[in-house]
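The block underneath contains the structure these notes are about, expressed in structure tokens.
Quick note: the coordinates plus some simple rules give every number you see, no bench work behind them. Owing to the predicted nature of the structure, the values given are computational and were not obtained by experimental measurement.
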Amino acid sequence: MSMAIPALSRPLEAPELRLPRSLTWLAGLGFSGALVIAAVISAQPRAFMATALLVALVAVFLIRPLYGVLAVLLIHQSVDLWADGQLETIGGLKFNLSTGLVLLIVVVGGAYLVENWS
């Protein structure tokens, strides 16, 4: 004598990850362009290195969002060791690599979230 509950009898399915569409690509390109402009204005080698890393992470996120998020999470944990350090000051605001990673997730990840909201 079993009383099966129909809603619980079917297997759970993972949600489908969708590829980024135009809003996410525009946000990624805009963010990458802003990073390159900021690095050129600062003319510091470490700013160019941080820009290269962040642009590479944007590219990974745009091609494979899950791999991009995993890469950001892994890198963010090691970057937190140097979070007190200042990479560059632009307009009186102090930036470091941790700030760049957070901005990447907010701008590009936010655009991805808005596109795939259902």
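Extension gain for the segment residue 34 to residue 113, taken as residue separation times 0.36 nm less the Cα-Cα distance, is 26.3 nm to one decimal. Taken over the Cα atoms of segment 20-115, the convex hull encloses 85 Å³ per residue.
With 0.36 nm allotted per residue and the present C-alpha distance subtracted, the residue 96-residue 66 stretch has 8.4 nm of extension available.
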